Amino acid sequence: MNLLKAASTVSLLTLVSRITGLVREQLIAAMFGASAATDAFNVAFRIPNLFRRLFAEGAFSQAFVPMIGATREREGDAATQTLIDAVATMLSWALLATCLAGVVGAPVLVWVIGAGLAQFDTAVLLTRLMFPYIGLMSLVALAAGILNTWRRFAVPAVTPVLLNVAVIAAAWLGAPWFEAHGVQPILALGFGVMLGGLLQAAVQVPALRAIGKLPRVGLAPAQLAAAWRHAGTRQVLRRMAPALLGVSVAQLSLVINTQIASHVAVGAVSWLSYADRLMEFPTALLGVALGVVLLPQLSAADAQADAGRYSELLDWGLRLVLLLALPCALALLIFPVGLVSVLYHYGRFSPEDVAATVWALRGYGVGLLGIIAIKVLAPAFYARGDVRTPVKIAIGVLVATQALNLVLVPWLGHAGLALSIGLGALVNSSLLLGGLLRRGTYRPATGWSAFALKVLAANVALGGALALAAEHIDWIGLQARPWQRAGEVAMVLGGVALLYFAVLGACGMRPREFVRRS
């Protein structure tokens, strides 16, 4: 398997997902602006997403994917199917209990994450409506772990499109209908989220059946007991415990920041959410794609005790991070007004909302390189069964991030929250890289200095071109001519991308340098 092709496939499908996600955010911004209602929705939607990152894409995936990869490598498909069935049974029962508790405890959850909301009761109602989404997404994460191990990357990568399409339909069609019938239109978005979750779970079934790995969930208490006694289930749970602590640390930082934002100003939660959505575009296209492709390969290399291959995979991933993440970071820092304007400056989204979102985006942009690098560096530890080291680093970064908030928030307001996250990500990635180097797990290949100089030269050219475009075009003033503005932003981004790769080519860099096979 060509790893660059696999990562490109995941990235391309993720691009479709992120484009529809941006359309979703554009529609919400135009219809609702950055208001008390959108703050309520963003907090309510953040709660199931927080649990999803804890239990589904976070601790569970970090424990399950290396385990299933190693089991398949050492014991074969039959033993792997038994493990899948046992884990699916345990997960399904745990999700049922979690969803019931979340619906009942919604007021407490909203108070913990956003006590300062102007529409607190609306957030509680939306939380109760959307909390079962965590159950659906956890099952999707289980399916994704299986499919990625079998190198079926397409379905997990494209699945989020269904959520975006469902929410777009809910905002476009459902919200006006709700308003016409005297119901808060923001509630339509909650129904859209649940519909999207159901669709995402449903499309996993034929994909799993095609590879013969559809989990058999035990519904009887005796089957639950058997799943609990399975050695693989116990091992996954043991690995989840420290991983859960590590992911919890990152999510605790998000909870604290959301709580602070809910007290800073009406709209602050939404400004951060809109900026986060834009920042996640390069994060998902590059960081998530690399993480998805690398984790099973790193786990297989570790199971085979192939240290050279392990280090080579890491080196390949880190070079791609520097090559592609640095220009994205420059775009967020130098050209944020154009990006935010063309995406959100419509309808009820005011010029003041543009300015506030721009400052948040710049804060995130400072740490984009670190945020994406973590997606490559953390799996290097998880693949070897070491979740303790990332946890210790994450705890230290949490303390540092909140200390930064004490200084930055009084000075920069909501933008200080974004900047503290960005700086924390740089510290986190640096410590992870340092740990791998000290242990000798990662040995940089030759040629890094020349490679870095080529990338630096190309980024200087790109940054200069972006600065000229940012300075000489009134992006906010083009609101009345949206197609002209969209066309000019597309020309700027396309032009600087061509310039960037032209400079790299002139420096002697060739695409074949990044071709790797598993």
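The values are calculated or read from the model by the stated rules, or taken from the named source; none is laboratory data. None of these values were measured; they are calculated from a predicted model. So basically every Cβ, Gly included, is an ideal-geometry build from the backbone, and we count neighbours across all protein chains shown. Side chains are part of the model used for accessible areas, which takes the heavy atoms of the whole protein and leaves out ligands, DNA and RNA. Shrake-Rupley method; radii C 1.70, N 1.55, O 1.52, S 1.80 Å.
Give the cross-link partners of K375 among the aspartates and glutamates, using a straight C-alpha distance below 20 Å as the criterion and excluding same-chain residues fewer than 8 apart.
List returned: E57, D276, E280, D302, E312, D315, D386.
How about the stretch 116-163: which trypsin sites (Lys or Arg not before Pro) there lie in a loop by DSSP and see at most 10 other Cβ atoms within 10 Å?
Listed in order of number, the matching sites amount to none.
How far, in nm, would the chain grow between A467 and A225 when pulled straight, counting 0.36 nm per residue and subtracting the alpha carbon separation?
The span from A467 to A225 would gain 80.9 nm if fully extended.
Treat every Asp and Glu Cβ in the chain as -1 and every Lys and Arg Cβ as +1, leave all other atoms uncharged, and give the resulting dipole magnitude about the Cα centre to the nearest 20 debye.
1480 debye
Send over a whole-number figure in Å² for the accessible area per residue of the stretch 272-413, probe 1.4 Å.
That works out to 32 Å² per residue.
Between D77 and A355, with labels modelled 7 Å along Cα→Cβ, what's the label distance in nm to one decimal, could you check?
With each label placed 7 Å out from Cα toward Cβ, I get 6.2 nm.
Order the following by accessible area, largest value first: M491, M240. Probe radius 1.4 Å; ligands, DNA and RNA are ignored.
On the way: M491 140, M240 30 Å².
The most accessible residue leads, giving M491, M240.
Once you have a ≥ b ≥ c as the square roots of the Cα gyration tensor eigenvalues for the chain, tell me rounded if a/c is under 1.5, and otherwise prolate or oblate according to whether a/b is larger than b/c.
Verdict is oblate for the chain.
Can you show me the helix-derived [θ] at 222 nm for the chain, built from DSSP H runs with n ≥ 4 at -39,500 (n - 2.57) apiece and divided by the number of residues, rounded to the nearest 500. Mind showing how you got there, number by number?
Details: 23 runs with 415 residues, N = 518.
Per the formula, -27000 deg cm²/dmol.
For a test of the definition: using alpha carbon positions, the gyration tensor, and the 1.5 limit on a/c, classify the stretch 111-218 as rounded, prolate or oblate.
On the way: a/c = 3.01, a/b = 1.98, b/c = 1.52.
Judged from the Cα gyration tensor, the stretch 111-218 comes out prolate (a/c at least 1.5, a/b above b/c).
To the nearest 0.05, how large is the calculated FRET efficiency for R439 and A480 if R₀ is 45 Å and r is the Cβ-Cβ distance? Could the numbers behind the result be given before it?
Numbers: r = 58 Å, r/R0 = 1.29.
The value I calculate is 0.20.
On a 1.4 Å probe surface of the protein chains, which of H181, H230 comes out largest in accessible area, and what is the full order?
Output order, biggest surface exposure first: H181, H230.
Excluding residues on the same chain fewer than 8 positions from K213, give the aspartates and glutamates whose Cα lies under 17 Å from its Cα.
E73, E75, D77, D85
Accessible surface of V203 in the full protein assembly, 1.4 angstrom probe, to the nearest 10 Å²?
The accessible area of V203 comes to roughly 60 Å².
Which percent of the accessible area of the stretch 147-200 is formed by carbon and sulfur heavy atoms (probe 1.4 angstrom)? Can you show the working numbers first?
Details: 1740 of 2370 Å².
Its accessible area is 74 percent carbon and sulfur atoms.
Among the trypsin sites (Lys or Arg not before Pro) in the stretch 185-219, which ones are in a DSSP loop with at most 16 other Cβ atoms within 10 Å of the Cβ? Mind listing them?
Those that pass, being in a loop and sparsely packed, are R216.
Could you work out how much longer the chain between A115 and A101 gets when fully extended? Use 0.36 nm per residue separation minus the Cα distance between them, nm to one decimal.
Contour length minus the Cα-Cα distance gives 3.1 nm.
Starting from the Cα-Cα distance between I395 and V205, subtract it from 0.36 nm times their residue separation and give me the gain in nm to one decimal. Don't jump to the answer; show the numbers that get you there.
On the way: separation 190, 0.36 × 190 = 68.40 nm, distance 3.75 nm.
Residue separation times 0.36 nm, minus the Cα-Cα distance, leaves 64.6 nm.
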